[in-house]
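> Dropping a structure here in C-alpha cells format, bear with me for questions.
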Number of protein chains: 2
Amino acid sequence: MAQWKLDKEVDYEVFELGDLKLQKGMTLPDAKLAYKTFGRLNADKSNVIVLLTYMASTHYDNQWVIREGGALDPSKYFIVIPNVFGNGLSSSPSNTPAPYNKARFPHVTYYDNIKAQHRLLTEKFGITKIKMVTGWSMAAAQTFHWAALYPDMVETICPTAGSAKTAKHNHVMLEGVKAALTADDAFKDGWYDEQPFKGLRAMGRVYAGWGFSQEFFRKEEYLELGYASVEDFIVGYWEQWFNLRDANNMVAMIRTWQSGDISDNELYNGDFRKALGAIKAKAIVMPGDCDLYFPPEDSAFEVEHMPNAELRPFRSSHGHFAGGSGLRKADVKFLDEAWRELLAS
Amino acid sequence: MAQWKLDKEVDYEVFELGDLKLQKGMTLPDAKLAYKTFGRLNADKSNVIVLLTYMASTHYDNQWVIREGGALDPSKYFIVIPNVFGNGLSSSPSNTPAPYNKARFPHVTYYDNIKAQHRLLTEKFGITKIKMVTGWSMAAAQTFHWAALYPDMVETICPTAGSAKTAKHNHVMLEGVKAALTADDAFKDGWYDEQPFKGLRAMGRVYAGWGFSQEFFRKEEYLELGYASVEDFIVGYWEQWFNLRDANNMVAMIRTWQSGDISDNELYNGDFRKALGAIKAKAIVMPGDCDLYFPPEDSAFEVEHMPNAELRPFRSSHGHFAGGSGLRKADVKFLDEAWRELLAS
C-alpha cells in the first residue's frame, strides 16, 4: 500500500530567491525553493540530473527512484530534486506570509518554477550543463519547460506521462477535481482555518477514476496493491493522498498545471511548434498508453515536432500512474532502461 | 446549444404499480411509472418499440429520435418511453411521500425498473412481443436487462454506450461524481429543503471531463456546438444540465447504475456469462470507440458471449455522447441505420 509522507522532519535545503517577480504579474515575496540533493557534483560538473516533483508531492515522494545500482545512482550522479511551488515546501499558499498567503497566493507558472530552479543550479552550484532532466506528470511538464527554456543547457530529457502544453481536456478534468474540492463550504474561498477535509477527500475520489485505467479495475489490480476492495483503494490510496494536503496548495498547483505551455514566454511568443522545434535535448517521451488525461496522441504530436525525440509509451494497465508511482515493477524497469540509455548517450 | 427541458407541463401518463416490493428488500409505496407513447399499437401488437431513458433525463430528452421518416417512425411503430425510477417523473426521492422520500428513498435496481416496465406493457397494453428495445447509457443497461430478463419477448436490442454489468472503473467514476455533489454542505445527507446547487454544479464539472473525448477538446468541437470557449461549454452544457436536477434523484440513479448486472437475479444467480448467453434477441451493440467510462472492450466481451450479437462501435470524437445526445449528425445517422436494420429483421 502507498505510504504518502509528510515533512515531519526537515531533510532538505532552502534556496532563497528574494522577492520573485512572477510571469503573470505578481510578486512572490521572500520566495523559497526547497530542494534536496543526492550524490556529489563531480569536478567538471558533468554529472547533474534534475528530478522534478509532481502534483501534490514533495521530494520525499520522488526520491525512491534514486538508489545505488539503479539508473539514478547517487554514487555516479549529482541529483537535484527541486520542489515545485505550491507543494508546501517551496513557497506555497500554506507557508507564505500575508498578504500573499492562502487564497491570495499568486499565479505561478512552470516558467517561474524553471527560472527559479535555474537560479539554484547556476548561482548555488555553478552548473552549466544538465545530463538529464526527468519527471512524471506535472514534473514531465517542468521537464519540457527546462528543455525549451534552456536548450543549450539540457542534454537529455525523459518526460513521463506529461505534456509540453496542457491539453484542453486535461484542463477540464482538473476543473472537475477543483470543483469537488471547493464544493465543500469549509473551503471558504480559500480563507479556511481548518482544512476542508470533505472537499479534499472528494477531490481524491474524483481523481480515483482518472489515475489508473479501465483495465486496471477490470483486472482487479488494486488487490495486488494490497487493497481489499475498490472502496478500500479509493479511501486508502486516494482519499489518504489528498486528505494529507493543504487545499489552497492543491488549487495553486492545479493553476500552474492548467497554464502549462512551453511557448508561453518571450522566447516563443505562443508558437508551440517553434518551442518544440527549439528543444535540442535528446528526448525519450514516455506517455502511458492507457493514460486518461495525458493521452499518447498528444505526446506523439510533441515528438513529431522535436528534432531529437523518440516516442516510447509504457504498455501498462496503470494508465497515468505508469512510471510515476513505482507500483508496477514492469513500468519501473521500462523507465530505468530509458534513463540508462539517455545517461549513456 | 443543448436545451435541457423540465416537466413544466404534464404530457405523459402514469401507470400505478401499487406498493412495489423491491429486489434489495424495501418497498416503494404507491409506486408510479411515468411513460409516454407515440404512434398506435397495431392489431396483432407486433409494432412495439421500447425506448428507455438515460441518467438525469426524462422522456422529454429522449423523444427527439422519434420522427416520421426516421427509423423510429411513429406512423409505423408504437413507441413506449418508460421513465427510469429516480428521474423525477417516475417514483423518485423528490416525489415519494415520507417516510420513503429524500435520503430514505430505497435502492432501486434495473431489475426493478424492467419488472415494472414489463407490467406496464403486459397489463396495460397486452403486449407479448417487443420488436426492439433501445437506449443510451443507463438506458442501454436497461436494454440489456430487458433482453436477459425477458429473452422470449424481446426480438431485437440496440444498446448504445452502455453495459450489461457496471464495470468497476465505471463505479469509481460515479463515486467521483457523487463525491462532488455531496461535498456541498447544503446537501445535508439528503435532507435539504433547498437544492445543493454548488454540489450539483460541481457534479456537472466533474462529468464534463468524462462525457466527451480528449479528441473532442483537441479539435475544439465545443465551438461547433455553439459554445464560445471550454468554460462556456462547462457552464452552459454541464452545469446547466445538473443544476436543473434534484440532488437525491441523482444519487438514486447513480445507485441504480452502480448496481447494474443482468445476472444479479433469480434467473442467473450472478452468472454473468450465462445471462449474456441467454439473450435471444438479435443485437447490435454500439459502444463509442472513445467512450471514457463504457470502453468498447467491455462491449466486446458482452458480444462475444451473446449468441446473436454484433459489435458496431461509433467512430466518434463525442466519446460517451456518441449516439446519445444527437449533437453529432454522423452518429445520429449511424444509429438510425442500425435501428432500421434491426427493425427490418
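Just so you know, all these numbers are worked out from the coordinates, no wet-lab data involved. Only a predicted model underlies this, so the values are computations on that prediction, with no experimental measurement involved. Please note: Cβ atoms are built from the backbone with ideal geometry, for glycine as well, and neighbour counts cover all protein chains shown.
> In straight Cα distance, which aspartates and glutamates are under 15 Å from B:Lys274, not counting same-chain residues fewer than 8 positions off?
Within the straight-line cut-off, B:Lys274 pairs with B:Asp261, B:Asp264, B:Glu266, B:Glu302, B:Glu304.
> While we're here: Can you tell me which lysines have their Cα less than 16 Å from the Cα of B:Lys219? Leave out same-chain residues fewer than eight positions away.
Result set, ordered by chain and number: A:Lys165, A:Lys168.
> Using only the alpha carbons of the protein assembly as shown, determine the length spanned along each of the three principal axes and report them from longest to shortest in whole angstroms.
94, 48, 46
> Using Cβ counts within 10 Å as a stand-in for footprinting exposure, how do B:Phe144, B:Phe242 rank, fewest first?
B:Phe242, B:Phe144
> May I ask for the longest run of chain A untouched by GluC sites (Glu not before Pro) that are loop-located per DSSP and have at most 15 neighbouring C-beta atoms (other than their own) within 10 Å?
A:69-193
> Would you work out the charge dipole size for the protein assembly as shown about its Cα centre, treating the Cβ of every Lys and Arg as +1 and the Cβ of every Asp and Glu as -1, and quote it to the nearest 20 debye?
220
> Which aspartates and glutamates have a Cα lying under 20 Å from the Cα of A:Lys32, excluding residues fewer than 8 positions away in the same chain?
A:Asp7, A:Glu9, A:Asp11, A:Glu13, A:Glu16, A:Asp19, A:Asp61, A:Asp112, A:Glu123, A:Asp246
> Also, quick follow-up: Rg and Dmax of segment B:200-345, Cα atoms, in Å?
Rg then Dmax for segment B:200-345, in Å: 17.5, 51.
> Let a ≥ b ≥ c be the square roots of the eigenvalues of the Cα gyration tensor of segment A:61-114; is it rounded (a/c under 1.5), or, if not, prolate (a/b larger than b/c) or oblate?
Cα axes put segment A:61-114 in the prolate bin.
> Let me ask something else about it. Would you please give the FRET efficiency between A:Val14 and B:Asn243, computed as 1/(1 + (r/R0)^6) with r the Cβ-Cβ distance and R0 = 51 Å, to the nearest 0.05?
Step by step, r from the Cβ atoms, then E = 0.65.
> Among B:Ser91, B:Ser137, B:Ser229, whose mean-square fluctuation peaks in a Gaussian network model of chain B (Cα, cutoff 10 Å)?
Highest fluctuation among the options: B:Ser229.
> If I model a spin label as a point 7 Å beyond the Cα along the Cα-Cβ vector, how far apart are those points for A:Asn95 and A:Lys124 in nm?
1.2
> While we're here: So, in nm, how far is label A:Arg104 from label B:Ala186 when the simple model puts each one 7 Å beyond its Cα toward the Cβ?
2.8
> Roughly how many Å is it from the Cα centre of segment A:6-70 to that of segment B:234-300, as a whole number?
Comparing the Cα centres of segment A:6-70 and segment B:234-300, I get a distance of 46 Å.
> What average count of beta carbons from other chains do you get within 10 Å of the Cβ of residues in A:217-230?
2
> Please report A:Ser317, A:Ser299 as a ranked list, fewest other C-beta atoms within 10 angstrom at the top and most at the bottom.
Lowest count first: A:Ser317, A:Ser299.
> What order do you get for A:His169, B:His145 when you list them from fewest to most C-beta neighbours inside 10 Å?
Listing A:His169, B:His145 from fewest to most nearby Cβ atoms yields A:His169, B:His145.
> Given the convex hull over the Cα atoms of chain B, what projected area results after averaging over all orientations, in nm²?
Computing the convex hull of the Cα atoms and averaging its projections yields 15.9 nm².
> State the answer as a single residue: which of A:Ser229, A:Thr156, A:Asn170 lies farthest towards the positive end of the charge dipole of segment A:127-282, with beta carbon charges of +1 for Lys and Arg and -1 for Asp and Glu, about the Cα centre.
So the residue we want is A:Thr156.
> Is there a pair in A:Lys45/A:Lys115; A:Lys115/A:Lys188; A:Lys124/A:Lys178 whose C-alpha atoms are over 25 Å apart, and which pairs would that be?
A:Lys115/A:Lys188; A:Lys124/A:Lys178
> Let me ask something else about it. Rounded, prolate or oblate: pick one for segment B:66-219, where a ≥ b ≥ c are the square roots of the eigenvalues of its C-alpha gyration tensor, a/c under 1.5 means rounded, and failing that, prolate if a/b is larger than b/c, else oblate.
Cα axes put segment B:66-219 in the oblate bin.
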